[in-house]
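**Q** This is the structure I want to talk about, given as structure tokens.
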Amino acid sequence: MSHKFKPTSKHKFSFGLWTVGNPGGDPFGQPVRKKLTPVELVHLLAEVGAWGVNLHDNDLIPINATSSERQQIIDEFKNALDETGIVVPMATTNLFSDPVFKDGAFTSNDSKVRAYALQKTMNAIDLGIELGASMYVFWGGREGVDTDASKESIQSLKRFREALNYLCEYIKDQDYDLKFALEAKPNEPRADIFLPTTGAMLGFIETLDYPEMVGVNPEVAHEHMAGLNFVHAVAQALDAGKLFHIDLNDQAFGRYDQDLRFGSVNIKSAFFLVKLLEDNNYDGCRHFDAHAYRTEDYEGVKDFARGCMRTYLILKEKVDRWNNDSEIQSLLSEINADDGTMDQYLGKYESNKAAALKTQNFDRKSLGERGYGYERLDQLTMELLMGIR
Ligand code: DIG
Ligand code: MN
Ligand code: MN
């Protein structure tokens, strides 16, 4: 395989333990791969060239582990990190698997569950800090409803806000160098999950006591499930200075959460995502929250992981080609040509500008007859993606 697209640590490619460790079970079938230990998964990630490994607390420490078992697991995991050089950039809490969270964690109607979720998250944050994480993700997989009869929507938002404010205070109290990234998903496993899109999360963050500590972790599959343009969601997060982390994968629109190999469904969308991240010098993790097909053995899982990273790097090279393609760039210059005559009216409002603009005559007919050349521009883009430019 060509070394031209070989991942290195500077690319900051990371995978969750739950991704390459996914044993292939689904709602209609048993696991098809034996469960690997966290140590074995760290070595697998090192073998394929990953930089980082992420984890939910219970991906590493079983929920019923004794304190001595916990310490042994952590020691062995740290040894594997030292041996391989793999780092832990992000951690998160499993607030969705255990039956106790069947009606949510922070938004459960049971105050004991809400309190237990805070306790579990504080302990998981401590673990993440111990392993070197600087980012903490919250995916509220069960924070929602199967019927709106069960929860009052505004009260649920208030409960979620209270939990995040409490945990921001905990970070400050412990003097941890840690930021929070909120991950949206519209549904599954609940019929409706609160704060279903990245845009909803961005609005919610501004209602928190410490909005500067909180950003978003958009996932391709989750915005696609909602029928949305993922590039636009990420652009809004970048524009707001809130793209703290990102979950890369792929997903057909209108399907269950497929968490497919990056770029394996919609290569055009993946191209413009890589362009957005690279053109804007995104410096965060490129985390692949995805898993291999159920048909695969562990050699196939390694193919999956290598494919995620290779596709990102191949698209990164395509972005460079697009940015330096003379025909594409000259077409863009034509499209965006500006004689400057409207500068006197546009930009920041001034009453004299507005008054003058109100007297300006426009040839609406000829403006409406302009051809923008997007068919040619898109065809050139597609031909570049198809490898003939
Ligand atoms: C699912 O998309 C979620 C969980 O796997 C995890 O909490 C989060 C971290 O990337 N993504
Ligand atoms: Mn997903
Ligand atoms: Mn995710």
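What follows draws every value from the coordinates through simple rules; no lab data is involved. A quick note: this is a predicted structure, and the numbers were derived from the prediction, not measured. With ideal geometry, Cβ positions are generated from the backbone for all residues, glycine too; neighbour counts draw on all protein chains shown.
**Q** DSSP loop GluC sites (Glu not before Pro) in the stretch 163-222 with at most 16 other Cβ atoms within 10 Å of their Cβ, which ones?
**A** Answer in residue order: GLU206.
**Q** Please name whichever of ALA354, GLY371, LEU331 sits farthest to the positive end of the charge dipole of the stretch 326-385, dipole taken about the Cα centre and charges placed at Cβ: Lys and Arg +1, Asp and Glu -1.
**A** Value computed over the given set: ALA354.
**Q** If one computes P(r) from the Cα atoms of the chain, what percent of pairs lie at distances over 29 Å?
**A** For the chain, the fraction of Cα-Cα distances above 29 Å is 49 percent.
**Q** By how many nm would the segment from ARG389 to GLN119 lengthen if fully extended, with 0.36 nm per residue of separation less the alpha-carbon distance?
**A** Roughly 91.7 nm would be gained on extension.
**Q** Provide the per-residue ³J(HN,Hα) series for the stretch 141-155, in order, calculated from phi with Karplus coefficients 6.51, -1.76, 1.60 and θ = phi - 60°, each as a whole number of Hz, with x at glycine and proline positions.
**A** x, 10, 7, x, 9, 9, 9, 5, 5, 7, 9, 7, 4, 5, 4
**Q** Show which lysines lie in cross-link reach of LYS34 when reach means a straight Cα distance below 18 angstrom and same-chain residues fewer than eight apart are skipped.
**A** Result set, ordered by chain and number: LYS302.
**Q** Report the extension gain between SER67 and ASP26 in nm, rounded to one decimal, defined as 0.36 nm multiplied by the number of residues separating them, less their alpha carbon distance.
**A** 11.6 nm
**Q** Related question: Output ³J(HN,Hα) for the stretch 354-370: one whole-Hz value per residue in order, computed from phi by the Karplus curve 6.51 cos²θ - 1.76 cosθ + 1.60 with θ = phi - 60°, and x for Gly and Pro.
**A** 5, 4, 5, 4, 5, 9, 5, 8, 10, 8, 4, 4, 6, 4, x, 8, 4
**Q** Here is a further query. Return the subset of LYS242/LYS348; LYS275/LYS353; LYS151/LYS242; LYS10/LYS348; LYS179/LYS348 for which the Cα-Cα distance in this structure is over 31 Å, preserving the input order.
**A** Checking Cα-Cα distances, LYS275/LYS353; LYS10/LYS348; LYS179/LYS348 exceed 31 Å.
**Q** Within the stretch 225-240, what residues put their amide N at less than 16 Å from the label point 7 Å along the Cα-to-Cβ vector of GLU206?
**A** Hits in the stretch 225-240 for GLU206 at 16 Å: 236-240.
**Q** Calculate for the chain the 222 nm mean residue ellipticity that helices alone would give, adding -39,500 (n - 2.57) per DSSP H run of length 4 or more and normalising by residue count, nearest 500 deg cm²/dmol.
**A** Rounded to the nearest 500, it is -14500 deg cm²/dmol.
**Q** Using unit Cβ charges (K, R positive; D, E negative) and no other charged atoms, how large, in debye to the nearest 20, is the dipole of the stretch 9-138 about its Cα centre? Present the calculation step by step, with values, prior to reporting the outcome.
**A** Details: 11 positive and 15 negative charges, 63 e Å.
Once rounded to the nearest 20, the dipole reads 300 debye.
**Q** Quote to one decimal, in nm, the extra length available between TYR256 and SER330 on full extension: 0.36 nm per residue of separation minus the C-alpha distance between them.
**A** Contour length minus the Cα-Cα distance gives 22.5 nm.
**Q** Just to confirm the filter: which chymotrypsin sites (Phe, Trp or Tyr not before Pro) across the stretch 14-103 are DSSP coil and have at most 14 other Cβ within 10 angstrom of their Cβ?
**A** Here the sparse-neighbourhood loop sites are PHE28.
**Q** Considering the chain as a Gaussian network with a 10 Å cut-off on Cα pairs, which listed residue, LEU315, LEU377, LEU45, attains the greatest mean-square fluctuation?
**A** For the chain, modelled as a Gaussian network with Cα springs under 10 Å, the answer is LEU377.
**Q** Which shape class, rounded, prolate or oblate, goes with the stretch 143-239 when its Cα gyration tensor gives a ≥ b ≥ c as root eigenvalues, a/c under 1.5 marks rounded, and past that a/b bigger than b/c marks prolate?
**A** Because a/c hits 1.5 or more and a/b fails to exceed b/c, the stretch 143-239 counts as oblate.
**Q** Okay, next question. Given charges of +1 on the Cβ of Lys and Arg and -1 on the Cβ of Asp and Glu, with all other atoms neutral, how large is the dipole of the chain about its Cα centre, in debye to the nearest 20? Before the final figure, lay out each step's value.
**A** Details: 43 positive and 59 negative charges, 98 e Å.
It works out to roughly 480 debye.
**Q** Here is a further query. For the stretch 326-385, with only Lys/Arg (+1) and Asp/Glu (-1) charged at the beta-carbon, what is the dipole magnitude about the Cα centre, in debye rounded to 20?
**A** Result for the stretch 326-385 is approximately 460 debye, rounded to the nearest 20.
**Q** Taking a label point 7 Å from the Cα of LYS102 along the Cα→Cβ vector, which residues of the stretch 131-156 have an amide N closer than 14 Å to it?
**A** 146
**Q** Determine how many Å³ per residue the convex hull of the Cα atoms of the stretch 326-385 encloses.
**A** So the per-residue Cα hull volume is 108 Å³.
**Q** Same structure, new question: Rank TYR256, TYR349, TYR312 by mean-square fluctuation in a GNM of the chain with C-alpha springs under 10 angstrom and give only the top-ranked residue.
**A** Between TYR256, TYR349, TYR312, it is TYR349 that shows the largest mean-square fluctuation.
**Q** For the charge dipole of the stretch 7-324, defined by +1 on Lys and Arg C-beta atoms and -1 on Asp and Glu C-beta atoms about the Cα centroid, which residue among GLY128, SER156, VAL145 has the Cα displaced farthest towards the positive pole?
**A** VAL145
**Q** To the nearest 0.05, what FRET efficiency results for THR37 and TYR372 with a Förster distance of 41 Å applied to their C-beta separation?
**A** For THR37 and TYR372, the calculated efficiency is 0.15.
**Q** So what's the gap between the Cα centers of the stretch 137-164 and the stretch 194-238, to the nearest angstrom?
**A** 16
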